[in-house]
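Asks: This is the structure I want to talk about, given as structure tokens.
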Amino acid sequence: MDYSIPVNTECVKEFNVKPEHSALSVGSGTVNVLSTPSAIAFVENTALECVEKFLPENYTTVGVEVNIKHLNPAPIGSKVKVKVRVTSVNDRKIVFRTEVHWNNILILEGTHIRYIVNKEKFLKKIRKLENAKEKQSSNDVS
């Protein structure tokens, strides 16, 4: 299926860094600054929204890989700007180049990969995996 997502599509989104985004709050550190997991969530959200408009109904994308360098801190209360750019599209695989800035300071950079999935098929796969796990658990008890 051709998804017609243009290479070099670029999207920018701003996020307010709130206390719940801190390393202290998410458990990834002991300082009250933007956590790496929260910065990654901002990147994933921006990438998701960037390509959704190109997808057929009942399709979405799921994140499968993140390769980033978290270079500088951003304080709680700041506003960060997330930029993603589609660098390649190969069948269902979309590769993004990403940057996160606070003012003119580069906070994070790297790549993010998402795959296009049919929502219904994806949810069926989850149910199948859940059923297999439940079956395995009941066999372990016997």
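Each reported figure results from applying straightforward, stated rules to the coordinates on display, with no laboratory input. Not measured: the values here are computed from a predicted model. We place every Cβ from the backbone using ideal geometry, glycine too, and count neighbours over all the protein chains shown.
Asks: Report the relative contact order of the stretch 28-113, percent, no decimals, based on alpha-carbon pairs under 8 angstrom and at least 6 residues apart.
Replies: That works out to 31 percent.
Asks: Mean residue ellipticity at 222 nm from the helices of the chain, using -39,500 (n - 2.57) per DSSP H segment of n ≥ 4 over the full residue count, to the nearest 500 deg cm²/dmol?
Replies: That comes out to -10000 deg cm²/dmol.
Asks: Among Lys121, Lys93, which comes first, then next, by fewest other beta-carbon atoms within 10 Å?
Replies: So the residues, fewest neighbours to most, are Lys121, Lys93.
Asks: Past 22 Å, Cα to Cα, is the threshold; run Lys53/Lys128; Lys53/Lys93; Lys83/Lys121; Lys69/Lys125; Lys79/Lys119; Lys13/Lys121 against it and keep the listed order.
Replies: Lys53/Lys128; Lys83/Lys121; Lys69/Lys125; Lys79/Lys119; Lys13/Lys121
Asks: What is the fewest-to-most order of Phe122, Phe42, Phe15 by other Cβ atoms lying within 10 Å of their Cβ?
Replies: Placing the least packed residue first, the sequence is Phe122, Phe15, Phe42.
Asks: Using a Förster distance of 30 Å, how high is the FRET efficiency between Glu120 and Ser88, based on the Cβ-Cβ distance and rounded to 0.05?
Replies: Result of the calculation: an efficiency of 0.65.
Asks: Less than 15 Å Cβ to Cβ from Glu14, Lys/Arg counted +1 and Asp/Glu -1: what total charge do the surrounding residues give?
Replies: +2
Asks: Set the Förster distance to 41 Å, then compute FRET efficiency between Glu49 and Glu134 from the Cβ-Cβ distance, nearest 0.05.
Replies: Efficiency computed from Cβ-Cβ geometry: 0.75.
Asks: In whole Å, what are the Cα extents of the chain along the three principal axes, biggest one first?
Replies: 55, 43, 21 Å, listed from the longest principal axis down.
Asks: Right, next: Assign unit charges at the C-beta atoms only (+1 for Lys and Arg, -1 for Asp and Glu), then state the dipole size of the chain relative to its Cα centre in Debye, rounded to the nearest 20.
Replies: Rounded to the nearest 20 debye, it is 140 debye.
Asks: Which of Cys11, Cys50 has the fewest other C-beta atoms within 10 Å, and how do the rest follow up to the most?
Replies: Cys11, Cys50
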